[in-house]
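For reference, the structure discussed in these notes is given below.
The values are calculated or read from the model by the stated rules, or taken from the named source; none is laboratory data. Only a predicted model underlies this, so the values are computations on that prediction, with no experimental measurement involved. Note that we place each Cβ from the backbone using ideal geometry, even for glycine, and neighbour counts take in every protein chain shown.
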Amino acid sequence: SQDLINTVGAYFPAVLGALTVIPVYYIGKYLGGRKTGILAAVLIAFAPGQFLSRSIIGFTDHHVAESLFSTFFMMFFMLAIITAKKNNLRFEDLFNKNFNVVKEPLIYSVIAGVMYSAYQLSWPGASLFLFIALVYAVVQYILDNFNGESSDYLGFTGIITFLVSAILILPFVHPDMGFSLYYYSWFHVATATGIVVCFGILSFIEREFKNRNLKAYYYPLAIFGLGIFGLLAIRIASPPIYSLIINAPHTVFGVQTGGPSTIAEVSSIFYDGGVFTLSRVFGNFTASGFFASLLGMLVLIANAVRKPKPEKVLVLVWSVLILFTIYGQNRFAYYYSINVSILSAYIGGLLLEKVKWNELDEKFKSTVKSPADIPGFLKFLRVEQVLTVLAIVVVLIYPVYGSAMELTKGTGGPDGPWIETCLWLKSYTPDPGMDYNGIYEAPEDGKLFDYPDSAYGIMSWWDYGHWIETIGQRMPNSNPFQAGIGGRRGSMEEENQPGSSTFFTAQSEEEATEVLEAIHPDPEKEGARYIISDIEMATGKFYAMTAWTLDTEGYYQPYWTGSDYQYLPSTRYFDSMVSRLHLLDGNGLKHYRLVHETWAYQTQEAGYKQVYNLLYGSSVPEVDSGYVKIFEYVMGAKITGTASPNETVNINTTILTGQGRTFEYSQSTSSDSEGRYEFTVPYPTEGPIPGETQFDTAPAGAYVVSYGDITKEVRVNEEAVLNGQEIKI
């Protein structure tokens, strides 16, 4: 049932987050011993920042599954490498059926492949860890070659692991997606198969180098040359794959520009507003944890130079590359929290080794048989051992615990007004005629989905798409997958694609309606029936809308305030559709009407309205209105009449919202040379009708048409508004 799904969805982030302690413990254990594993488990259990926020009850999303399965993958991949190396595995052992040597590494490699597949099913971008494995393999092959050691153990592990993953992903591939990185496609099969080939080739070259007694420093050159040749071959054989391979690193490691730079989780963790800062770094990992992780990497580098161990090289490469990912996108902080926990624990473990904690541990095991023996054991404690433990607690454990406890005081998810809005949408708008739980067959390539006539979309900013879909059970025009945003990506020379960014930044009602028409598969229909705005879209999030169009200039202008310059909204801002709708309640618009609003909060709205009144000499009430508002696009009733030729004619009415707030709706026009005039109005004066929007916002009385000394009252029914009927007066 949906209730069961919602309940499981609420709890699974916390469960998966708790399970992450297991692989972190074992990675720490095999990196630096049992004490390192225990400390790493404690640190990840208390980890603050995005790892905690994304593994807390109610954060129903895929991120914590990414953390869990990617860490399990690294754990089993590490175990496969350790056991294969310890057993001195050779490819001949496989051909000679020497299962005593092959068995354990084979099992761990298969499980590693399963875990990588589970990770991949949590997030299509899982090829990040495939890249990490490939970089590690290249480094390890080079180190083994310089040290005169066989790398068969590594080739065996890599081939088995990614062969399993290539097979397991096959049932989930959508052939119609081609080589898409963002959907399960042939790209995921090709990359897994490609890395199998890479491990095979690297092993073959390594064996040939040994057979021919070639100098070790030629090996990196051979790999580099082969890599260039491979890329050229892929470019010729499959340009789409080549393009993905070349562009994918920037997607993850590069700092985003334009619209993507406004996505909170995609911005660099080291920059805020273009200024370098460590505040977000410390907020996610604490200062001591972050610097301990850097120190841990330096120690691992020293070990790799002096006496490299595969498991330590693996953790080093993994940590360095994940550090690069948070430079590109701060969302990967929930990955790096795991590395911080392991590396910090590694440093803590080394400190305990320095004070001979293992000897104390052995003393404890041999002397303490019951609680009564503990006082006698304490005489073996040395001052430096006590101080080291205190330092670990104070420097590593206490900061993450305190930061995590502070974070748990808050809650995430949709706020009250948005929940109320979506529930209202679900209950008081027409059924779109599509089963919410239905499975619909995708149209063939080049064809559009055949929507029923009753279907409609909801236009809002992409941040809110999932809420509209899951709580409101209506189809959003854009969503957090960044689908339907529109705008431009490369330069101002591009066409401004229709979408939520182009709709809300449109400079006129006509321009906005053209966007609605452009996003519908049927050019004669509009792609959205309802528009939802909130005060954040009209204020703090407005810049993001402009950034997606790459046209950010002129919306705010510097004004002298008497002591300094302050950037305030300009006429271009107030001409935007989001301003016309949310701040001005759609006053004067012909086809958009407010049908519902939530309660108000104290926000920047009153200040924006004050600026508007100063710019236009208007008298808009400088108060906060509904935090979230729902507007409906309608054909509008046509009110026609006659007056004196070329006379100014006005129409107005007072609108009463469900919150008890009133505002004025008005239009003005001039009669033609024969005295004829026409208004298109979106509000009925007679109330809702069955099967249509059950609005709670409507005129408190009739429309009043006035010109000269004449005033006339006009009443309009809902059918006239919905069907564009004419009302003559």
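For E104, indicate whether it is closer than 30 Å to V281 by Cα, in a helix (DSSP H, G or I) and charged (D, E, K, R).
Here the answer is no, as E104 does not meet what is asked.
Please find, within the stretch 303-323, the residue that is farthest from the chain's Cα centre (by Cα) out of those that are at pLDDT below 95 and part of a helix (DSSP H, G or I).
R306
Pick out the one residue from I651, I710 that is buried (at least 16 other Cβ atoms within 10 Å of the Cβ), in contact (Cβ under 8 Å) with a residue 40 or more places away in the chain and outside the structural domain of E524 (by TED's automatic domain parsing).
Matching residue, one of I651, I710: I651.
Report the residue count in the stretch 255-302 for those that are over 26 Å from V400 (Cβ atoms) and either assigned to a helix (DSSP H, G or I) or not assigned by TED's automatic domain parsing to the domain that holds I326 (or both).
Of the residues in that region, 4 qualify.
Would you please list the contacts, defined by Cβ atoms under 8 Å and residues six or more apart or on different chains, that run from a residue in the stretch 220-233 that is outside the structural domain of I142 (by TED's automatic domain parsing) and under 14 Å from L134 (Cα atoms) to a residue that is among the small types (G, A, S) and at pLDDT 90 or above?
Pairs found: none.
Scan L43, L68, L4, L31 and give me the residue that is surrounded by fewer than 18 Cβ atoms within 10 Å (Cβ to Cβ) and either assigned to a helix (DSSP H, G or I) or among the small types (G, A, S) (or both).
Selected residue: L4, the only one of L43, L68, L4, L31 that is surrounded by fewer than 18 Cβ atoms within 10 Å (Cβ to Cβ) and either assigned to a helix (DSSP H, G or I) or among the small types (G, A, S) (or both).
Just to be sure before I move on: is P476 within 24 Å of G416 (Cβ to Cβ) and crowded, with 24+ Cβ neighbours inside 10 Å in the structure I sent?
yes
Restricting attention to the stretch 424-468, which residues are under 25 Å from K629 (Cα atoms) and in a loop (DSSP other than H, G, I, E, B)?
Listed by number, the residues that qualify are T429, P430, D431, P432, G433, M434, Y436, S454, A455, Y456, S460, W461.
From (1) surrounded by fewer than 23 Cβ atoms within 10 Å (Cβ to Cβ); (2) of a type in the set (V, I, T); (3) at pLDDT 95 or above, pick out the condition that doesn't hold for T36.
So the condition that T36 fails would be (1).
I'd like the residue in the stretch 609-648 that is in contact with a strand residue (DSSP E or B) (Cβ under 9 Å, 6 or more places away or on another chain) and small (G, A, S) and, out of all such residues, is surrounded by the fewest Cβ atoms within 10 Å (Cβ to Cβ).
This residue is S644.
Quick one: would you say T685 is without any contact (Cβ under 8 Å) to a residue 40 or more places away in the chain, in a strand (DSSP E or B) and of a type in the set (S, T, N, Q)?
The answer is no for T685.
In the list I468, I458, I419, I439, which residue meets the criterion of being β-branched (V, I, T) and surrounded by fewer than 12 Cβ atoms within 10 Å (Cβ to Cβ)?
I439
Counting only residues that are closer than 21 Å to G724 by Cβ and exposed (fewer than 14 other Cβ atoms within 10 Å of the Cβ), which one in the stretch 673-688 is modelled with the lowest pLDDT?
G687
Give the residue that is surrounded by the fewest Cβ atoms within 10 Å (Cβ to Cβ), with candidates limited to residues of the stretch 206-225 that are of a type in the set (A, V, I, L, M), over 36 Å from the mean Cα position of the chain (by Cα) and not in a loop (DSSP other than H, G, I, E, B).
It comes out as L221.
Restricting to the stretch 80-136, name every residue that is of a type in the set (V, I, T) and under 20 Å from K312 (Cβ atoms).
Result: I81, I82, T83, I132, V135.
Take the residues in the stretch 497-510 that are in contact (Cβ under 8 Å) with a residue 40 or more places away in the chain, part of a helix (DSSP H, G or I) and out of contact with any Ser or Thr (no Cβ under 8 Å at 6 or more places or on another chain); name whichever of them is farthest from P480 (Cα to Cα).
Out of the qualifying residues, it is E509.
Return the only residue of G658, G641, G588 being in a loop (DSSP other than H, G, I, E, B) and over 27 Å from G416 (Cα atoms).
Residue meeting the stated conditions: G588.
One line per residue, one yes/no per condition, for (1) assigned to a helix (DSSP H, G or I); (2) among the aliphatic types (A, V, I, L, M):
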position	(1), (2)
K525	no, no
I531	no, yes
M537	yes, yes
P558	no, no
F574	yes, no
R580	yes, no
K629	no, no
E632	no, no
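Condition test on S203, is it touching a residue at least 24 places away in the same chain (Cβ under 8 Å), crowded, with 18+ Cβ neighbours inside 10 Å and of a type outside the set (K, R)?
So S203 passes the test.
What residue, among those in the stretch 292-350 that are hydroxyl-bearing (S, T, Y) and farther than 12 Å from A40 by Cβ, is surrounded by the most Cβ atoms within 10 Å (Cβ to Cβ)?
Per the criteria, the residue is Y336.
Return the pair list, or none, for Cβ contacts closer than 8 Å from residues in the stretch 88-104 that are free of Cβ contacts under 8 Å to residues at least 24 places away in the same chain to residues that are loosely packed, with under 11 Cβ neighbours inside 10 Å and of a type in the set (F, W, Y), at least 6 apart or on different chains.
Short answer, once both residue conditions are applied: none.
Among the residues of the stretch 591-608, write down those that are assigned to a helix (DSSP H, G or I) and surrounded by 20 or more Cβ atoms within 10 Å (Cβ to Cβ).
Answer for the stretch 591-608, where residues must be assigned to a helix (DSSP H, G or I) and surrounded by 20 or more Cβ atoms within 10 Å (Cβ to Cβ): E605, Y608.
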